[in-house]
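The values are calculated or read from the model by the stated rules, or taken from the named source; none is laboratory data. For clarity, every value in this text was computed on a predicted model and none was experimentally measured. Virtual Cβ from ideal backbone geometry, glycine too; neighbours counted across all protein chains shown. These accessible areas exclude ligands, DNA and RNA; they are computed on the full protein's heavy atoms, side chains included. Shrake-Rupley method; radii C 1.70, N 1.55, O 1.52, S 1.80 Å.
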Amino acid sequence: MSGWRGASARFIRWLRVVWSGLRAACGDDAYERYLVHFSREHPGRPPASRREFYRESEQRKWSGVSRCC
Amino acid sequence: MSTKITGIGLALAAALALGGLALHRHEPINALWIVTAAVCIYLLGYRFYAAWIAARVLSVDGSRATPAERLSNGRDFVPTHRWIAFGHHFAAIAGPGPLVGPTLAAQFGYLPGTLWILVGAVLGGCVQDMTILLLSTRRDGRSLGQMARDELGPLGGFAALTGTLAIMIILIAVLGLVIVNAMKHSPWGTSTVFATIPVAILVGIYLRFLRPGRVLEASLLGVALVLLAVLGGGWVDHREGIRDWFDYGALPLAGFVIVYGWTAAILPVWLLLAPRDYLSTFLKLGTVMLLAVAIVLTHPQIRMPAITQFIDGSGPLFGGKLFPFVFITIACGAISGFHSLVASGTTPKLISNEADVRLIGYGSMALESFVAIMAMIAATLLDPGVYFAINTAAGVVGATPEAAVQTISGWGFPVTADQMNRLAQAMGERTLFARTGGAPSLAVGMASIFGSTFGRGLLAVWYHFAIMFEAVFILTTLDAGTRVGRFMLQDLLGQAWKPLGRTSWYPSALIASTLVVAAWGYYLYVGVIDPNGGVNILWPLFGISNQMLAGIALSVATGILVKSGKARYALVTLIPLAWLALITTTAAWQKITSPDIRIGFFAAANDLAGRLAAGTLPAERAAVAPQLIFNQRLDGWLTMLFTALLWLVILDMLRVCARRLRGEPVAQTSEAPYQVRRLTDVPEGSSP
């Protein structure tokens with residue numbers, strides 16, 4: 001019984017890693033990362049909203065070469 | 001010790017697989033031999049050559065802080081886990097080039113192209129990508145153009161900028177041509193590709209207004225919708241009245257692509273460009289993995305001979321001998337100058353540890369090269385007769401199926417009209433004759449692989465899935481390229497009149513976008529009216545310009561290596577540079593001076609002009625002849641310009657190196673000063 005429980009806990013942990021990797025790989029968690037960074041570097045100042053952050057990052061991404069042949 | 005054992009094991013496996021290839025020269029061989037040889041060679045290159053370059057040549061230093069750490073701003077400078085950065089970098093460098101190039105180069109047989117994809121990547125392309133990535137990381141993520149200006153001089157910077165703009169325009173035109181040829185008189189393909197546009201807009205609105213920044217869920221939604229669009233296209237194809245709405249010839253489709261490109265360039269990025277890029281990235285990574293699994297599971301036989309008679313220069317897809325044209329044609333799958341722009345763009349701002357450049361720079365290119373190997377397998381598993389029937393223009397083999405099969409069978413590659421009809425029917429297309437550009441033949445190859453792995457009943461669905469997959473990221477490259485071209489042109493125009501250089505000033509954006517679209521639109525138009533298919537002219541021009549850009553990047557790298565006292569290791573970048581200079585110059589020389597009208601631009605122009613003057617051309621050819629004559633001459637001049645730019649940069653680099661070696665003063669290095677790395681661990685879930 002405990003073996004089964006341990007295996008399922010390991011499986012859930014593995015799923016979490018896969019899920020967070022997938023989110024990171026496509027930039028889904030970029031805003032959360034930004035909040036962590038911002039609260040560490042500029043404590044007390046209001047960070048950009050999710051919407052503002054997303055708009056700005058999109059604009060920046062497509063101002064340079066980000067796709068190839 | 002374990003490294004040695006793995007190395008010996010890999011070397012033995014590679015030798016066995018290559019030996020297998022060599023022994024099976026005159027009988028059909030299995031694709032698994034090629035896959036095994038490729039994987040072993042990449043691993044050997046990564047394990048030994050890349051490690052040696054990182055340690056000795058580049059002196060990669062894991063204790064040195066990267067710009068992502070020093071300039072961390074939570075926005076573009078973000079220390080990122082190496083596998084996540086690998087994913088971002090691979091998604092950025094992987095495009096349609098490695099799918100098209102090997103498909104065209106297969107006219108020489110499977111062996112020459114495959115060997116160059118492997119050797120070129122391991123000793124050239126991967127080295128270029130990793131070196132530029134490290135050099136840019138050491139310089140706060142500066143672009144190739146800036147590094148050329150800082151380290152060599154203004155000439156290098158100018159050449160890099162002009163070269164990039166030119167390659168962008170030719171690349172977009174040739175890709176536009178590929179997609180037009182894939183949609184030509186294919187209601188299923190056309191309706192599916194059209195449907196991806198509203199899907200992208202929907203995803204854009206979702207990401208902007210409904211759930212800002214929820215990229216994963218929006219992408220999954222979009223991918224589900226485009227898969228539905230593939231099935232919907234099949235429904236359209238079976239409805240008499242509706243299918244005619246999506247049945248177009250090449251010229252209207254080219255017009256559509258041009259208008260689309262212009263619209264996408266002036267619309268805000270969130271509406272079309274950014275959301276479609278999310279879709280294409282998902283589809284790209286998914287399909288590449290699926291294809292790799294399917295090839296291993298089905299391990300198809302390669303039917304194309306190792307080497308065909310067309311190495312003598314008489315090839316039907318494009319003219320020119322094996323040397324130098326196989327190298328020019330493979331282009332991106334072995335070494336791509338374009339990658340140096342990404343390796344000196346977004347990626348260096350993500351690197352959290354210098355030591356990661358080996359995985360991200362060298363590793364991503366090895367994977368890209370493997371995509372090229374898979375495209376080669378998909379092209380060469382077809383019956384050679386079928387391959388040539390799909391990929392040869394009507395102007396070469398004759399306009400009727402009877403004429404085409406007779407010509408092709410006469411080359412020693414038997415094929416019948418009946419066989420082609422049955423194949424077209426199975427793929428849900430009206431005809432597969434003369435569908436040049438590489439996309440339809442790749443789609444037939446992919447459909448056969450997927451069909452025999454996941455069910456043959458769905459061949460037509462797999463075929464149109466492959467077409468949609470290529471179209472989606474060709475259109476992304478087209479939009480993104482037009483946009484980058486616009487910024488570069490604004491940069492150039494701004495030097496003439498200041499306000500034109502302001503990227504946010506709408507009239508300037510409008511003018512620059514229109515000019516860029518007009519430039520590639522012109523090439524696309526000429527390609528469409530050319531009875532020989534246009535790809536035969538445009539692809540070599542693209543190959544030459546892409547390899548030229550790689551030459552510029554390798555010159556910058558060599559110059560920096562010599563300047564930083566690493567002259568004894570400079571051969572690492574100098575040998576690929578010398579090889580590229582040799583093949584691009586030879587190819588350019590032949591394209592300019594060859595008296596063979598299938599190779600020489602000026603020879604073809606003069607021949608056509610002579611026949612036009614003599615009145616021996618049929619009426620419909622005479623109507624378009626003046627444009628074709630002008631275009632061939634323009635291409636000739638453009639080739640000269642490319643070659644001149646490359647040699648200017650090489651000579652400038654040699655001048656700087658000579659000064660440095662003689663102990664004379666040279667421009668100071670722009671490398672950022674050493675700062676100790678404090679980052680300890682970057683979690684898996686970190687990204688820009």
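Using the Cα gyration tensor of the range B:90-157, with a ≥ b ≥ c the square roots of its eigenvalues, what is the shape: rounded (a/c below 1.5), prolate (a/b larger than b/c) or oblate (neither)?
It is prolate, given that a/c is not under 1.5 and a/b is the larger ratio.
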Compute the long axis of helix B:215-237 from its Cα atoms, compare it with the longest principal axis of the Cα atoms of chain B, and write down the angle in degrees, 0 to 90, nearest 10. 10 degrees
Given H placed on each backbone N at 1.01 Å, which residues far from residue B:302 in sequence or on other chains put an amide H within less than 5 Å of it? B:29, B:30, B:31
Between 0 and 90°, nearest 10: helix B:364-380 axis offset from chain B longest Cα axis: 20 degrees
P(r) of chain B over all Cα-Cα pairs, 20 Å bins starting at 0, rounded to whole percent, reads 18, 54, 26, 1
Write down the Kirkwood hydrodynamic radius of the range B:591-668, to one decimal in angstroms, obtained as one divided by the mean of 1/r over all alpha carbon pairs. 15.2 Å
About the Cα centre, and with charges only on the beta carbon of Lys, Arg (+1) and Asp, Glu (-1), how big is the dipole of chain B? Nearest 20 debye, please. 1520 debye
Show me, for the range B:174-187, the HN-Hα J-couplings you get by feeding each phi into the Karplus relation (A = 6.51, B = -1.76, C = 1.60, θ = phi - 60°), rounded to Hz, glycine and proline as x. 5, 5, x, 5, 4, 6, 4, 5, 6, 8, 4, 6, 10, x
Below 8 Å, C-alpha to C-alpha, sequence gap of six or more: please give me the relative contact order for chain B in percent. 26 percent
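Order B:431, B:643, most accessible first, counting only protein heavy atoms with a 1.4 angstrom probe.
On the way: B:431 60, B:643 30 Å².
Largest to smallest exposure gives the sequence B:431, B:643.
Peptide B:281-290: average number of partner chain Cβ atoms within 10 Å per residue? Could the numbers behind the result be given before it?
Numbers: counts 4, 1, 0, 0, 2, 0, 0, 0, 0, 0.
Averaged over the peptide's residues, the number is 1.
Which value at 222 nm does chain B reach when only helices count, each DSSP H run of 4 or more adding -39,500 (n - 2.57), with the total divided by all residues and rounded to the nearest 500 deg cm²/dmol? Intermediate values should be presented prior to the final figure.
Details: 28 runs with 461 residues, N = 688.
Estimated from H runs of four or more residues: -22500 deg cm²/dmol.
Within 10 Å of each Cβ in B:198-208, how many Cβ atoms from other chains are there, averaged over the peptide? Present the calculation step by step, with values, prior to reporting the outcome.
On the way: counts 0, 0, 0, 0, 0, 0, 1, 0, 0, 3, 4.
Taking all residues of B:198-208 together, the mean is 1.
Using per-residue counts of other Cβ atoms within 10 Å, averaged over each peptide, order B:139-146, B:29-36 from highest down. Could the numbers behind the result be given before it?
Details: B:139-146: 21.9, B:29-36: 20.1.
Order by mean packing, descending: B:139-146, B:29-36.
Filter A:61/B:498; B:566/B:591; B:284/B:321 down to the pairs with a C-alpha to C-alpha distance above 27 Å, please.
Violating the 27 Å limit, Cα to Cα: B:566/B:591; B:284/B:321.
Take each of the peptides B:668-677, B:233-242, B:406-415, average the number of other beta-carbon atoms within 10 Å over its residues, and list them starting from the highest.
Details: B:668-677: 12.4, B:233-242: 14.7, B:406-415: 16.6.
Most protected by this proxy first, the peptides run B:406-415, B:233-242, B:668-677.
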Note: the range A:2-61 at 4 °C, 1.567 mPa s; Kirkwood Rh on alpha carbon pairs; Stokes-Einstein D in µm²/s works out to 93 µm²/s
Any idea how far apart residue B:115 and residue B:571 come out in nm if each label point goes 7 Å out from Cα toward Cβ? 2.2 nm
Putting +1 on Lys and Arg Cβ atoms and -1 on Asp and Glu Cβ atoms, find which of B:636, B:595, B:648 reaches farthest to the positive end of the dipole of the range B:591-668. B:648
Roughly how far apart, in whole Å, are the Cα centres of the range B:57-109 and the range B:460-495? 19 Å
Give the Cα extents of the protein assembly as shown along the principal axes, in whole Å, largest first. 76, 75, 62
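Considering every residue in A:51-62, what mean count of other chain Cβ atoms within 10 Å of its Cβ is obtained? Mind dumping the intermediate values first?
Values: counts 4, 1, 4, 9, 7, 2, 5, 11, 4, 4, 8, 11.
The mean count of partner-chain Cβ atoms within 10 Å per residue comes to 6.
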Can you compute the charge dipole magnitude of the range B:606-688 about its Cα centre, using +1 on each Lys and Arg Cβ and -1 on each Asp and Glu Cβ, nothing else charged? Give it in debye, rounded to the nearest 20. 340 debye
Kindly state, to the nearest 0.05, the FRET efficiency for residue B:619 paired with residue B:238, given R0 = 60 Å and r defined as their beta-carbon distance. 0.95
Largest first, please: the extent of the C-alpha atoms of the range B:553-688 along each principal axis, to the nearest Å. 75, 49, 22
Divide the volume of the convex hull of the Cα atoms of the range B:331-439 by its number of residues and quote the answer in cubic angstrom per residue. 139 Å³
Report, to the nearest 10°, how far helix B:82-93 tilts away from the longest principal axis of the Cα atoms in chain B, using its own Cα long axis and a range of 0 to 90°. 50 degrees
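Rounded to a whole number of µm²/s, how large is the Stokes-Einstein D of the range B:187-265 at 4 °C and 1.567 mPa s, given Rh as the Kirkwood radius over C-alpha pairs? It would help to have the intermediate numbers written out before the result.
Values: Rh = 13.8 Å.
Result for D is 94 µm²/s.
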What is the log10 of I(q)/I(0) for the range B:253-407, computed with the Debye formula using one identical point scatterer on each Cα and no solvent, at q = 0.12, 0.17 Å⁻¹? -0.85, -1.29
Straight-line reach from residue B:349: which aspartates and glutamates have Cα under 13 Å away, leaving out those fewer than 8 places along the same chain? B:69, B:76, B:140
Run lengths n ≥ 4 of DSSP H only: what is the helix-derived mean residue ellipticity at 222 nm for chain A, with -39500 (n - 2.57) per run over all residues, to the nearest 500? -23000 deg cm²/dmol
